[in-house]
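Take a look at the structure set out below.
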Amino acid sequence: MSDIDDDCHPAQALPIGTHTAGEKPQDGLQYLSLVHSEASYIPDVMAVDRSMFDLTSDVAEPRDQSNRLSFPPALINKQVHKFSKLRQYCSRMQKLHPSKLQGEELELTISKKTFDEQPCLSLVLSLSQVSVFELLDYIQEICLSSEEKSRIPTSVSSWIFSLLCVIDKPVPMDYMAIIRAVGRRCAVLSSDLLTSLDPKDLNASSDEPHFQYLVLFILVCHYFQQLDLLEEFGLSSSL
């Protein structure tokens, strides 16, 4: 039996109760009666106020890219190229000498003092991916926190660079969140250079700690392809 009658109106397929207007439904059948009654007053075609979909006032105007700073292309290419070569070297070492590296991962008692000394290559190469991201997470949460800005361990930038060298790609989403957090911390620490990005200033500051954090920010953005972080700091992603 069809659920549509001859007048093209829905036929009653299930029983409904009797509901008295103005009274609260006492059971499910009376509630169905109320719904059926209210539906009879709704027109088949309704006009929608399209102004409710006008979101232009909430949309930010696009920024003028021509007035935004960007990293010197030569600096990006140089740092990404050197980093890529070093990652290839680390990968070859792990494949050529797996027996020498197996079992060398130490039970690290992670503290800020850990990052006062330069990282050992054999230790870094032996780290599991879980250990790598545990160290990076500790660094960005503890060592690079805003409260510790004046007491950052002396070799923490070397540790970050070394750990980034042995991260497997593609990076899982939850691990990439840690890399992005490290990138943001490094950008904040190198904010003085980010506000100018004058090649002369960059060359003169290449031996300064904040320049090392700037390089790390470049690698996170350009090597690990997190270019949207540039937008967060008002920089252009164009080369």
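The values are calculated or read from the model by the stated rules, or taken from the named source; none is laboratory data. What you see is a predicted model, and the numbers here were worked out from it, not measured in a lab. Heads up, the Cβs are rebuilt from the backbone with ideal geometry, glycines too, and the neighbour counts pull from every protein chain shown. With ligands, DNA and RNA removed, areas are computed over all heavy atoms of the protein, side chains included. Shrake-Rupley method; radii C 1.70, N 1.55, O 1.52, S 1.80 Å.
Observations, loosely collected:
- The one condition from (1) modelled with pLDDT of 90 or more; (2) open to solvent by less than 30 Å² (accessible area, probe 1.4 Å) that residue 225 does not meet is (2).
- Scanning segment 160-177 for residues that are among the hydrophobic types (A, V, I, L, M, F, W, C), more than 12 Å from residue 219 (Cα to Cα) and surrounded by 10 or more Cβ atoms within 10 Å (Cβ to Cβ) returns 163, 166, 167, 171, 176, 177.
Rundown of residues vs (1) acidic (Asp, Glu); (2) outside any loop (DSSP other than H, G, I, E, B); (3) at pLDDT below 80, yes/no style:
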{"residue": "31", "(1), (2), (3)": "no, yes, yes"}
{"residue": "45", "(1), (2), (3)": "no, no, yes"}
{"residue": "48", "(1), (2), (3)": "no, no, yes"}
{"residue": "52", "(1), (2), (3)": "no, yes, yes"}
{"residue": "61", "(1), (2), (3)": "yes, no, yes"}
{"residue": "80", "(1), (2), (3)": "no, yes, no"}
{"residue": "115", "(1), (2), (3)": "no, yes, no"}
{"residue": "125", "(1), (2), (3)": "no, yes, no"}
{"residue": "133", "(1), (2), (3)": "no, yes, no"}
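- Out of 20, 56, one residue alone is modelled with pLDDT under 70 and either among the polar types (S, T, N, Q) or touching a Gly at 6+ places or on another chain (Cβ under 6 Å) (or both). It is 56.
- Matching residues in segment 90-99 - criterion: being modelled with pLDDT of 80 or more and either surrounded by 11 or more Cβ atoms within 10 Å (Cβ to Cβ) or in a loop (DSSP other than H, G, I, E, B) (or both): 90, 91, 93, 94
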